[in-house]
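The values are calculated or read from the model by the stated rules, or taken from the named source; none is laboratory data. The structure displayed is predicted, hence computed values, not measured ones. Cβ coordinates were reconstructed from backbone atoms using ideal geometry, including for glycine residues, and neighbour counts include every protein chain displayed. Just so you know, the surface numbers come from the protein's heavy atoms only, side chains and all, with ligands and any DNA or RNA stripped out. Shrake-Rupley method; radii C 1.70, N 1.55, O 1.52, S 1.80 Å.
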Amino acid sequence: MSFLLIGKKIGMTQVFDENNRLLPVTVVEAGPCPVTQVKTVEKDGYAAVQIGFGVQKEQRLSEPEKGHLAKAGVDPVRVLREFRLAEGESYEPGETLTVEKFAEGDKVDVVAVSKGKGFQGVVKRYNFGGGQATHGSMTHRRGGSYGFAQDPGHIIKGKKMPGHMGHRRRTVQNLRIVGVRPEDNVLLVKGSLPGPNGSLVTVRPAKKTRKSAA
Amino acid sequence: MSTPVTEFTKDQLKEGRDQFKVGDGVRVHTRVREGEKERIQIFHGICIAKKGSGIHETFTVRRIASGVGVERVFPVHSPNIEKIEVDRESVVMRAKMYYMRERIGKRASLVKEKRLVEQGR
């Protein structure tokens, strides 16, 4: 079964599970996601479903966007995402995906953009050890040697150096769903998710669950 | 904005779990599961700290068991707690009674910070 839900990270809290242990959970407001377009092999070259999420003012949509949504009979949405269809699955435009697609105990993957950390040095960015703090040392947070000398005469590609850290698309795999609250369109996912509160996340059934658990 | 996170833990909060304060002698009745059977175990000591709020709130109980100081941290709203009894009240001038850890012998179970309040100051 292939599908995904677009949602918003609300924040983290804790809940008691059935064994009365406190679990760390992230609250995700996911869906309802209306189907905005169904792509077919004949027409588009591949089979996929496009879904939307969020509420948007109509004036903020471009005319082509308005037309696209009107075709599916969907109210203005903020974002569109699509997912590939497996054989023998079908969705209709205007159909809505909600958190009820998931059940408690399901394993999910969550894709989101991590928090941006700006330009960072190698100590923070790659967990380098850095140099001595005292004893006349001048290599406090430097990255050490950057490579060889005249031969080969250049720095090897992929050398870990200071640079922009964070704000990358990241996937967290195999998170357990601790709770589903259809009345609030909310999923409680065990553990933490990338990105700040309020950011966009997509939740899909886990791709690599262990066989014994599946 | 969307609903704050605290809304989703509201139904797990237990009522009447705020009946004690730091410095009180408390008896915490906890459910202990042994195989199939469940029984009640009582942890008896002085509440020396309360931390956090909402679902995250915890309290620390300290007692001297067989001459060794033992501290247990309980989530205030844990379903494993049957009830919390207060068997000794005291007025403490601090929010955290960590100085109890330094105390040995009889003083370890004495809470005497009542003085200031009794004198009306």
>> Using a loss threshold of 50 Å², tell me which positions in the stretch B:1-36 are less accessible in the complex than in their chain alone. Probe radius 1.4 Å, ligands and nucleic acids ignored.
In response: B:2, B:5, B:8, B:12
> How much length, in nm to one decimal, is gained on full extension between residue A:44 and residue A:140, taken as 0.36 nm per residue of separation minus their Cα-Cα distance?
Replying inline: 29.0 nm
> For residue A:159, which aspartates and glutamates qualify as cross-link partners when the Cα separation must be under 20 Å and same-chain residues fewer than eight apart are set aside?
Replying inline: A:151
>> I need the peptides A:43-51, A:26-34, B:65-73 ranked by packing, meaning the mean over residues of other C-beta atoms within 10 angstrom, with the highest value on top.
In response: A:26-34, A:43-51, B:65-73
>> How shielded is B:71-83 by partner chains, expressed as the average number of their Cβ atoms within 10 Å of its Cβ atoms?
In response: 2
> Going down the table (B:14/B:96; A:8/B:96; A:8/B:10), which pairs top 29 Å between alpha carbons?
Replying inline: A:8/B:96
> Of all the accessible heavy-atom surface of chain A, with the other protein chains kept in place and a 1.4 Å probe, what percent is carbon and sulfur?
Replying inline: 48 percent
> Given a 1.4 Å probe and no ligands, DNA or RNA in the count, how much accessible surface is buried by B and A, both sides, to the nearest 100 Å²?
Replying inline: 1300 Å²
> What average count of beta carbons from other chains do you get within 10 Å of the Cβ of residues in A:118-125?
Replying inline: 0
> With labels modelled as points extended 7 Å from the Cα through the Cβ direction, what inter-label distance (nm, one decimal) is found for residue A:210 paired with residue A:148?
Replying inline: 4.4 nm
> Given a Förster radius of 56 Å and the C-beta distance between residue B:33 and residue A:164 as r, what FRET efficiency does 1/(1 + (r/R0)^6) yield to the nearest 0.05?
Replying inline: 0.65
> When you look at the Cβ of every residue in A:11-20, what mean number of other chain Cβ atoms sits within 10 Å?
Replying inline: 5
> Between residue A:87 and residue A:181, what is the label-to-label distance in nm when each label sits 7 Å out along the Cα-to-Cβ direction?
Replying inline: 4.2 nm
> Residue by residue, what Karplus-based ³J(HN,Hα) values in Hz, rounded to whole numbers, does the stretch A:44-59 have, using 6.51, -1.76 and 1.60 with θ = phi - 60° and x for Gly and Pro?
Replying inline: 10, x, 8, 9, 7, 10, 9, 10, x, 7, x, 10, 10, 6, 5, 5
> Given a 1.4 Å probe and every protein chain left where it sits, what share in percent of the accessible area of chain B is carbon and sulfur?
Replying inline: 49 percent
> Taking a 1.4 Å probe, which of A:138, A:165 shows the most accessible area, and what order do the others take after it?
Replying inline: A:138, A:165
> Taking a threshold of 29 Å on the Cα-Cα distance, which of the pairs A:39/A:107; A:107/B:51; A:71/A:208; A:9/B:83; A:124/A:190 fall above it?
Replying inline: A:107/B:51; A:71/A:208; A:9/B:83
> Can you give the Rg to Rh ratio of the stretch A:64-213, both from alpha-carbon atoms, with Rh computed by the Kirkwood formula?
Replying inline: 1.15
> How would you classify the protein assembly as shown from its alpha-carbon gyration tensor, with a ≥ b ≥ c the square roots of the eigenvalues: rounded for a/c under 1.5, else prolate if a/b is greater than b/c, otherwise oblate?
Replying inline: oblate
> Counting only residues 5 or more places away or on other chains, whose amide H sits under 5 Å from the amide H of residue A:14 once H atoms are built in the peptide plane?
Replying inline: A:25
> If the viscosity is 0.890 mPa s and the temperature 25 °C, what Stokes-Einstein diffusion coefficient in µm²/s follows for the stretch A:1-55 when Rh is the Kirkwood radius over Cα pairs?
Replying inline: 175 µm²/s
> Counting only the heavy atoms of the protein chains, how much of residue A:8 is accessible to a 1.4 Å probe, in Å² to the nearest 10?
Replying inline: 40 Å²
> Which of the aspartates and glutamates could be linked to residue A:207 by a straight reach, that is with a Cα gap under 12 Å, when you skip same-chain ones fewer than 8 residues away?
Replying inline: A:106, A:109
> If one computes P(r) from the Cα atoms of chain B, what percent of pairs lie at distances over 23 Å?
Replying inline: 39 percent
